[in-house]
Amino acid sequence: MTLKRKSATEKRPERTRGPYHHGNLKAELLRVGMRLLEKEGEEALSMRRLATEIGVSPAAAYRHFESKNHLLAGLVERGFQLLIRSTLRGAEADVIAAMRRYGTGYLRFAIRHPRLYRLLFQEPLYALSDSDGPIVRSAEPAFTLLVEMCQAGIEQKAFRPQSPVSMAHAAWALVHGFAHLKTESCLPPGLDTQSDFLVAHEALLKGWS
């Protein structure tokens, strides 16, 4: 039996390169990081674990995020984008309905994504970014939207003239308080959190009218 030798001109099959070699690794690290965060919690995240899950070297992962905290900061940016999207569902011309939608959407997001929601407000991560850094920029629209709705309510005579920023602080404190109590299991089991929030929210809005 003789073996057929490859000719010198015969080409070897080209190795296919995965998508992570084409600039997609950072996005994939965030995608897998988000999945692990929501499924197993922040403690399960490490750059080495992510690299193993994706099938790249730890060195490749570190080229995009120099530490776990920098990865978490990236997840915070993505988390605020998802939070804002959840508050913008629907389009009511009435400012009262719009603020109600904002609050229920915010609370729904926190209930569905408790681990991500907790991460959004971890103060040490904000130290990785300056006052105009990406984390701050990603968080600002959620509050700015509240200010704009309060201002619209004043212009529509739904609320009496007052500081829209102070109003937004009060509205945010209310929904954030409910979200925090719910995600930290501080409320009685079986409590209808959305209904209780709406009762408090309506009382707040009536106080502004």
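Just so it is clear, none of the values below were taken in a lab; they were calculated from the coordinates. No experiment lies behind these values; they were computed from the predicted model shown. No Cβ is skipped: glycine too gets one built from the backbone with ideal geometry, and neighbour counts run over all protein chains shown.
Grab the other residues whose beta carbon is less than 11 angstrom from that of Ala110, score K and R as +1, D and E as -1, and report the net.
Cβ neighbours under 11 Å give a net charge of +4.
Which of rounded, prolate, oblate describes region 74-208, given a ≥ b ≥ c as roots of the alpha-carbon gyration tensor eigenvalues and a/c under 1.5 marking rounded, otherwise prolate only if a/b is larger than b/c?
oblate
Once you have a ≥ b ≥ c as the square roots of the Cα gyration tensor eigenvalues for region 19-66, tell me rounded if a/c is under 1.5, and otherwise prolate or oblate according to whether a/b is larger than b/c.
Prolate, since a/c reaches 1.5 and a/b exceeds b/c.
Out of region 54-163, which GluC sites (Glu not before Pro) are coil in DSSP terms and have no more than 15 other C-beta atoms within 10 Å?
Here the sparse-neighbourhood loop sites are Glu66, Glu92.
Can you give the alpha-carbon Rg of region 105-173 over 2.2 N^0.38 Å, where N counts its residues?
Working it through for region 105-173, the quotient is 1.32.
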